[in-house]
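See below for the structure under consideration.
The values are calculated or read from the model by the stated rules, or taken from the named source; none is laboratory data. Worth saying up front: this structure is predicted, and the values here are computed from it rather than measured. Cβ: placed from backbone, ideal geometry, glycine included. Neighbour counts: every protein chain shown. Heavy atoms of the whole protein, side chains included, go into the accessibility calculation; ligands, DNA and RNA do not. Shrake-Rupley method; radii C 1.70, N 1.55, O 1.52, S 1.80 Å.
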2 protein chains.
Amino acid sequence: MANSDSGDSMLDRLVRILDAFDAENPTLSVGALARRARVPRATTYRLVDELVGHGLLAREREGTLRLGLRLWELANRSSAARDLREVAMPFMEDVNQLVRQSIQLAILHDDEVLVIERLSRPGSVVNQASVAGRMPVHRTSMGMALLAFSPFPVREGYLERHGTVISALHVDLRRELAHIRLNGYATFDGFIDSESTGASVPVLDAHGHALAVLAVVVPRGSESLPAAVMALRTASRGISRALRA
Amino acid sequence: MANSDSGDSMLDRLVRILDAFDAENPTLSVGALARRARVPRATTYRLVDELVGHGLLAREREGTLRLGLRLWELANRSSAARDLREVAMPFMEDVNQLVRQSIQLAILHDDEVLVIERLSRPGSVVNQASVAGRMPVHRTSMGMALLAFSPFPVREGYLERHGTVISALHVDLRRELAHIRLNGYATFDGFIDSESTGASVPVLDAHGHALAVLAVVVPRGSESLPAAVMALRTASRGISRALRA
């Protein structure tokens, strides 16, 4: 696409504009949008008009902007996330009802945990995961289960890229990952929230590599953890089988 | 954005490229993508490279393309569809478990029914709705319930724009809509599928206008229809109340 004086393409700017909206900033004024997206104000005004015309952005009554339904529609009617979610949902509902805690489905993407789906229950413990939200890999049970069951080059690549951060934690991550592979699941006492423990089980492909992860968060020290893990392991096998069919 | 010789902007082309992927065509070769998007092949190649670089498209192993996870992430972490879905999901799960049929949540958008969420059950009757899919307004119970409870100008606008198609159906649509407003719900014997009956209840705002619709599809002639409608009406009130809170 046509490049601006600053050297970034129109597509770069467009992505930064869409990226400026998130769960904490679902609506933005044009001025705030220009600032967050680091796009000149005049260009932002012009782009916003075009994006609103295409339904990718929508104007709220107060003149603020939010992501348009057309963007949601384009992104959701076909995607790898959607296919995975469709297959996993009935199994997630089973676990959600039996374990009576929130359950989430996530994948490893760009060295982060990307949450694909989440079913919550009223009264379930604090849980930071939100759909399409990202979480750190080596500080969550989801990330650890995904990493442990990643192909060797993916795992080693991650450990190399994040070596400095990881060594500051004073834990032997390779050893922990080996332990998770041995157990078949990962648990993690609330790094993110001290009241809770996360338990995660990988959804494996035919080569034994993680396609995704299923996770529940239970109150820390809960006696129901082993049963929750067993529900996840059972559901995970069902999802693997359904994905192969 | 910079205009091409043919007069359409880069954003026009970008939207047509994303629009070329749907539930029936989740993956496309670059050639097929250029044809479906009506974008010159050379331009398509260049745009695809940029889009893959940003993660908005992804290359599959066989060289075909599909929508990228980054697009899914950008569109899902903040949107009106997401907010509505978050509030409605627990109520939809209740109905799904009690009525034991698929349930969907939809809105009226650009003169069509846009499906926001769907919970299915194994063994439930045939149901054409899929998430982010579109369905016709005046041939589905969802569309009729949404239209009946739309503000007067929206309803009349729709009837004007689609007058020719509607008069060919030889039904008095205004009368049917008044009937739906009186009942508080819409039922429709399978126009789309002859084995099933759709039942839809609007989710109303404080002015009595439909924000969305909740629908189940039951086997045609099923005696459980009144009970299913009652479950929908109860859930719909819960969602309205939760949206106002």
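The table below gives the values:
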| item | result |
| --- | --- |
| Dipole axis of the protein assembly as shown (+1 Lys, Arg; -1 Asp, Glu on Cβ), positive-most option in B:P153, A:Q101, A:S79 | A:Q101 |
| ³J(HN,Hα) computed for each position of the stretch B:40-49 - Karplus, 6.51 cos²θ - 1.76 cosθ + 1.60, integer Hz, glycine/proline x | x, 4, 4, 4, 4, 4, 5, 4, 4, 4 |
| Average Cα contact separation per residue, the stretch A:26-153, under 8 Å, 6 or more apart, as relative contact order % | 14 |
| Relative contact order (%) - criterion: Cα under 8 Å, at least six apart; region: chain B | 15 |
| Accessible area per residue, Å², the stretch B:80-244 with all protein chains present, probe 1.4 Å | 46 |
| Residue-level accessible surface for B:D19, protein heavy atoms, 1.4 Å, Å² | 60 |
| Simple label model, 7 Å out from Cα along Cβ direction - B:M230 to B:D110, nm | 4.0 |
| Computed FRET value (nearest 0.05) for B:L169 with B:D8, which takes r as the C-beta separation and R₀ as 35 Å | 0.50 |
| By accessible area with a 1.4 Å probe, ligands and nucleic acids excluded, highest first: order of A:M142, A:M230 | A:M230, A:M142 |
| Chains A and B, summed buried accessible surface - 1.4 Å probe, Å², nearest 100 | 5100 |
| ³J(HN,Hα) computed for each position of the stretch B:79-87 - Karplus, 6.51 cos²θ - 1.76 cosθ + 1.60, integer Hz, glycine/proline x | 5, 4, 4, 5, 4, 4, 4, 4, 6 |
| By accessible area with a 1.4 Å probe, ligands and nucleic acids excluded, highest first: order of B:F149, A:F152 | A:F152, B:F149 |
| Inverse of mean 1/r across different Cα pairs in the stretch B:38-92, Kirkwood, Å | 13.3 |
| Within the accessible area of chain B (1.4 Å probe), percent carbon and sulfur | 51 |
| B:F91, A:F188, reordered so the largest accessible area comes first (probe 1.4 Å) | B:F91, A:F188 |
| For A:H209, solvent-accessible area (1.4 Å; no DNA, RNA or ligand), Å² | 60 |
| Modelled FRET efficiency - R0 41 Å, B:E156 with A:R38, Cβ distances, 0.05 increments | 0.40 |
| Separation between Cα centres of the stretch B:214-231 and the stretch A:197-231, rounded to whole Å | 36 |
| Debye, to nearest 20: dipole size of the protein assembly as shown, +1 on Lys, Arg Cβ, -1 on Asp, Glu Cβ | 180 |
| Cα-centre dipole for the stretch B:80-244 with unit charges at Cβ (Lys and Arg positive, Asp and Glu negative), debye to 20 | 280 |
| Accessible-area value, B:H179, 1.4 Å probe, nucleic acids and ligands omitted, Å² | 110 |
| Relative contact order of the stretch A:10-75, pairs being alpha-carbon contacts under 8 Å that are 6 or more residues apart, as % | 29 |
| Potential extension, A:R241-A:H179 segment - 0.36 nm per residue separation minus Cα distance | 19.8 nm |
| Among A:G63, A:L51, A:P26 the positive-end extreme of the charge dipole of the stretch A:1-81 (Cβ point charges) | A:G63 |
| Under Karplus coefficients 6.51, -1.76 and 1.60, residue-wise ³J(HN,Hα) of the stretch B:61-75 in Hz, glycine/proline x | 4, 7, x, 7, 10, 9, 5, x, 5, 4, 5, 4, 5, 4, 6 |
| Most mobile listed residue (A:R82, A:R220, A:R59) in chain A, GNM with C-alpha springs under 10 Å | A:R59 |
